[in-house]
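Below is one structure; the comments refer to it alone.
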Amino acid sequence: MGKKKIGVKLIFILILVFFTFNFVYPKFLNQYLGLNFPEIPFKLGLDLVGGSRLIYETDLSKVEKTKTEALSGLRDVIEKRVNILGVREPIVRIQEIGGSARLMVELAGIKNVEEAIKAIGETPLLEFREIEVKDLNAPLRSAINPSDLKPTSLTGQYLKKASLDFDNETLEPIVILEFDKEGKELFKQITSRNVDKPLAIFIDNNLISSPVVREPISSGRAQITGNFTPEEAKKLVNSLNAGALPVPIKLISQETIAPSLGKISLEKSLKAGFFGLLGIILFMICYYQMAGLAASLSFLVYGLILLSLFKLFSITLTLAGIAGAILSIGMAVDANVLIFARMKEEIKKGDSFSRAIDIGFKRAWPSIRDGNLTTLIEAMIMFFLGTSFIQGFALTTSLGILVSMFSAIFITQTFLEIFIGSKVRKQDK
């Protein structure tokens, strides 16, 4: 490979190191050189820094499904709202006390309870109610009284998705609802028995729309019009898609909570990771000499990139997440060992150092790819099917594996190519 191309790759790596180092530790340049790199702190989990706990009381009086199904759906919806990207690792669980049930939500790093309430957001309760009125020509709001309303079994728990649209004639924003298979059948039954009658749509017990049913609707699609502004309609769509509550909830308790493990556990974990990495670096340098040194430098770049990603995506780090990141170091070492083993075989055959690098990386790549791919698949399964702490472990492991592949295939190779043609260029035989 030409020296010019190697130089371009090396410059890219140096720029990457500069920005990732200052993103991870901006205080150094900000303090000594007067620069203004953003100082974004790492987000730590409940087990390390504590946070806020919110307890909600549930109302199961109108639940059509079994109590267990309703509470399970409620927990899933709330966790989805506060952990939409799988990076916050909240604790969301149901506490059954006597004949009632409570929802407990714990959010890491949030000491301001009002901020915690805002993080959960407005989780709208979507309901459809049948109306029995004598004068259908009278304004709906004036004609309705509590005795006119008849609850139906169709609620937000059957919502598949919501989308924003605009009326072709008035250009007013409307919200389109699409129900799942079970909700589609319920909607068909409800519209069939309410032909030429209004059907009231309520969100959080507020009447939003009351369209008149002209014919049975079997498509499983409903339309909400409520004199929305585009911003209000968009917010409603986002809230419904994030999860309409299957049962009503009411906040009854709020408090801050202390960390379950704390600073000492974090320091011990980081110390263990540091000494583990140091041991790996010493082994690689002693056994593989110059190639080991190149790999060790790539490990340092790998660490800066990984820490930068944790900050960039605001990933909440618990001990489980930190363990996943440390585990990925092992995958990075495996990749380098495979490459160096192939290089040593080529050098023993009498190939040049540059050719040994080229062949070593090409022949090791299938093994590196397959080994990391199987781990990534397992991590993806854990992320999509696991709970919050399992998701955190899977996410940090996945990011670590992706970065380790980049560091092994690109960064280590670039560092090795620098030694082509130099006196210090041979592997141990």
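How long is the gain from Asp351 to Glu267 if the chain were fully straight, where each residue apart is worth 0.36 nm and the alpha carbon distance is subtracted?
Between Asp351 and Glu267, full extension yields 25.5 nm more.
Less than 14 Å apart at the alpha-carbon level, and either on another chain or at least 8 residues along: which aspartates and glutamates does that give for Lys9?
Glu417
Taking 0.36 nm per residue of separation and subtracting the Cα-Cα distance, what length does fully extending Val212 through Leu171 add?
12.7 nm
Distance cut-off 19 Å, Cα to Cα: go down the list Lys161/Lys184; Lys161/Lys188; Lys43/Lys311; Lys80/Lys161; Lys67/Lys184 and report the pairs above it.
Lys67/Lys184
Sorted from fewest to most neighbouring beta carbons within 10 Å, what does the list Ser404, Ser210 look like?
Exposure proxy ranking, most exposed first: Ser210, Ser404.
Report the calculated FRET efficiency for Phe12 and Lys235 (r = Cβ-Cβ distance, R0 = 60 Å), to the nearest 0.05.
Computed FRET efficiency for Phe12 and Lys235: 0.90.
Mind giving me the nanometre distance, one decimal, between the label points for Phe283 and Gln223, set 7 Å out from Cα along Cα→Cβ?
6.7 nm
Using Cα positions and a limit of under 20 Å, work out the aspartates and glutamates in reach of Lys234, with same-chain residues fewer than 8 apart set aside.
Glu122, Glu127, Asp165, Asp167, Glu169, Glu172, Glu178, Asp204
Label Ile377 and Lys3 with points 7 Å out from Cα along Cα→Cβ: what is the distance between them in nm?
The answer from the label model is 4.6 nm.
So if R0 is 22 Å, what FRET efficiency would Leu60 and Ser253 give, r being the distance between their Cβ atoms, rounded to the nearest 0.05?
0.75
Over what distance in Å are the Cα centres of segment 12-29 and segment 166-228 separated?
Using only Cα atoms, the two centres lie 54 Å from each other.
Just so you know, all these numbers are worked out from the coordinates, no wet-lab data involved. Please read all numbers here as calculations on a predicted model, not as lab measurements. Here Cβ is always computed from backbone atoms with ideal geometry, including for glycine, and neighbour counts include all displayed protein chains.
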